[in-house]
Amino acid sequence: MRLHGSGELSRRMEALWAILRDCTLCPRRCRVNRLKGERGACRTGSLPVVSSHGPHFGEERPLVGRHGSGTIFLTWCNMRCLFCQNYDISQLGEGRELSPEELGEMMLSLWRQGCHNINFVTPTHQVPQIVAALPHAIEGGLDIPLVYNCGGYEDVATLRLLEGIFDIYLPDFKYGDDEVALRFSGVPNYVAAAKGALREMYRQVGDLELDDGGVAVRGVLVRHLVLPEGLAGTRRRKTEEALHLHESRKIVITEICSKNSAKRRK
């Protein structure tokens, strides 16, 4: 919020928007001009695309509290996870385009409902659009933590432009094996990208901090998905190294993916 008053938020927005001309927001580095309507792997142009928004009580416990996490489900994704629980949104494109002002008004609506945070689900490919919407929300009174809820396939240079904007990072660390990541999520070099992203996120916001009510206000919260038959590489050294960034308290939520939800979708 302080970045808006100093003019730094506007400078970050301009830097992020410039990336869309030759898009390298994520490790795919598609290099398409999204400002001219070209589409890369995420199939998203220059406008925000949102499926739904509202208080969410099924989110990770430290985000929910009594009044819910103010969740905004962003359409499309830079990954192709075969087991995605939001498949209709991330892969089939369920949602509609908005103006930055409309996205900002969504944030304010969630804030007015008493949500503890604004939780952007799958923000990676829409970071410039989110930042462009923030001035409207901040000027309307928004003063709760912003959550970056992502799949872990992030570009460190992009994350550096987000320092001081997002208060809580909620990344997945899906795999400890690049071959499995390519097979089930369609992305190359996942392990190195995710490890680099976790380090940068931790550098920015550190350990998870909770208020007196047990609700997160700042920090990193990592999820690791356990796939059937050890496919996620949960016991691999690369995974263990990534999930222990610091000797102090570290919260890792482990989720189980069933065989049925991991099957290939046509």
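Here, each number is a calculation from the coordinates, and none is a lab measurement. Everything numeric here is computed off the predicted structure, so don't read it as measured data. Cβ placement follows ideal geometry from the backbone for every residue including glycine, while neighbour counts extend to all protein chains displayed.
Things worth noting here:
- Expected 222 nm ellipticity per residue - DSSP helices of 4 or more, -39500 (n - 2.57), all of the chain, to 500: -9000 deg cm²/dmol
- Exposure proxy order (Cβ contacts within 10 Å, fewest to most) of His56, His4: His4, His56
- Net length gained if the chain between Arg80 and Asp212 were fully extended (0.36 nm per residue, minus Cα distance): 43.7 nm
- Here the residues Ser69, Ser6, ranked from fewest to most Cβ neighbours within 10 Å of their Cβ, fall in the order Ser6, Ser69.
- Evaluated over the chain, the Cα radius of gyration and Dmax, each in Å: 17.4, 51
- Normalised by the number of residues in the chain, the mean separation of alpha-carbon contacts (under 8 Å, six or more apart) gives a relative contact order of 17 percent.
- Once the Cα-Cα distance is subtracted from the 0.36 nm per residue extended length, the Arg66 to Asp88 segment shows a gain of 5.1 nm.
- Think of the chain as a dipole: +1 on every Lys or Arg Cβ, -1 on every Asp or Glu Cβ, centred on the Cα centre; then among Pro62, Asn149, Asn86, Asn86 lies furthest on the positive end.
- Once C-alpha pairs closer than 8 Å and six or more residues apart are averaged by separation and normalised to the residue number of the range 53-109, the relative contact order reads 27 percent.
- Label sites at Arg31 and Glu163, each approximated as a point 7 angstrom past Cα along Cα to Cβ, lie 2.8 nm apart.
- Here the range 177-200 and the range 85-133 have alpha carbon centers that stand 24 Å from each other.
- Computed FRET value (nearest 0.05) for Ser52 with Glu179, which takes r as the C-beta separation and R₀ as 41 Å: 0.75
- In terms of surrounding Cβ atoms within a 10 Å radius of their Cβ, Phe120, Phe73, Phe57 rank from fewest to most as Phe57, Phe73, Phe120.
- Rough spin-label spacing in nm, given labels placed 7 Å along Cα→Cβ, for Ser10 and Glu101: 1.8 nm
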